[in-house]
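The values are calculated or read from the model by the stated rules, or taken from the named source; none is laboratory data. Model, not experiment: these values are computed from the prediction. Here the Cβ positions follow ideal geometry from the backbone for every residue, glycine too, while neighbour counts run over all protein chains shown. All accessible areas refer to the heavy atoms of the entire protein, side chains included, with ligands and DNA or RNA removed. Shrake-Rupley method; radii C 1.70, N 1.55, O 1.52, S 1.80 Å.
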Amino acid sequence: MRWHSAGDKRPMIAIGLKSFARWALDFALPPRCAGCGTIVAEVHSFCTDCWKQVDFLGHSGCSTCGIPLQSTESTICGACLARPPRIDRTRAAVAYGDLSRSLAVHLKYGRKVAIARTMARYMAPLVGDGEDRVLVPVPLHRRRLWKRGFNQSALVAGALSRKLGIMSDPLVLRRIRPTPPLKGMSLIQRRKTVAGAFRVRNPRAIAGKTVILVDDVLTTGSTAEACARALKRGGAARVELVSWARVVKPSPLMR
Ligand SMILES: [Zn+2]
Ligand SMILES: [Zn+2]
């Protein structure tokens, strides 16, 4: 906006009108697709085109860890049968792909509450039933939290909490030391890196309860396993995990 001459009040009024118009528009704006921004009928949902691009995982796969089952397995995968994982039940809304990645990135760097709500909408049906449940977001180290200003998983846990009426406690679990990005590391390296990185701050908050860990993207699960270890040591009766996206290695028998 440029001032034409001193004392000309028109631009000022124009700015006022413009911001009012924007506010009114935001208020009356129809819901938009979280993937591409096109107008959709329902709030926090995807348009048909984006919907087709997203690979929804739902309750398919191993009843414990959620990974796609081989043709020889019935409901539990061989790995879970041989060695039951610390996380009693793992579910992810979608497979990690271009669109699910883009949503996770926008949430992580943009603090977009609407995106957290979209994720929660698709994650909520995957949260198991039961009494005495508490949602716990995978924590960031305090240095990372100060830098970013928010924990993206805590935003999603908050949205899930409002949707399901289950309390979210973002303070119960603490990341006591910073960990480098696990990308490119072997499974053993990942496990070593995150071992002992988490601690329960308030065991009373989780004693005898089912803790539902909330994460944005699940890769090998080393971080979540380390969280589960701390939570069970802290007295949690059961640990479940629900994440937005999961890296699924396509099984040759599935495709
Ligand atoms: Zn779309
Ligand atoms: Zn399994």
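Could you give the length gained by full extension between Gln53 and Ala207, i.e. 0.36 nm per residue of separation minus their alpha carbon distance, to one decimal place?
Contour length minus Cα-Cα distance gives 51.3 nm.
Can you give me the C-alpha center-to-center distance between the range 143-174 and the range 198-220, rounded to a whole angstrom?
The two parts, judged by their Cα centres, are 11 Å apart.
If you average 1/r over all unlike Cα pairs in the chain and invert the result, what Kirkwood radius do you get in angstrom?
About 20.0 Å for the chain.
Using packing as a proxy for protection, rank 111-119, 73-81, 240-248, 177-185 so that the peptide with the highest average count of other Cβ atoms within 10 Å comes first.
240-248, 111-119, 73-81, 177-185
If R₀ is 22 angstrom, what is the calculated FRET efficiency for the pair Ser60 and Arg101, using the beta carbon separation as r and rounding to 0.05?
Plugging the Cβ-Cβ distance into 1/(1 + (r/R0)^6) gives 0.60.
Rounded to the nearest 0.05, what FRET efficiency is calculated for Asp132 and Val43 with R0 set to 30 Å and r the Cβ-Cβ distance?
0.45
Grab the Cα-Cα distance for Ala114 and Met185, subtract it from 0.36 nm times how many residues apart they are, and report the gain in nm with one decimal.
22.3 nm
Out of all DSSP beta bridges in the chain, what portion is antiparallel? Express it as a percent rounded to 5.
Here the share of antiparallel DSSP bridges comes out near 20 percent.
Taking 7 Å along the Cα-to-C-beta vector as the label spot, tell me the Lys163-Arg199 distance in nanometres, rounded to one decimal.
Taking the simple label geometry, Lys163 and Arg199 are separated by 3.4 nm.
With a 1.4 Å probe and all protein chains kept in place, how do Trp51, Trp146 rank by accessible area, largest first?
Trp146, Trp51
What residues have an amide H closer than 5 Å to that of Ala236, excluding those fewer than 5 places away on the same chain, when H is modeled at 1.01 Å from N in the peptide plane?
Long-range HN contacts for Ala236: Gly208.
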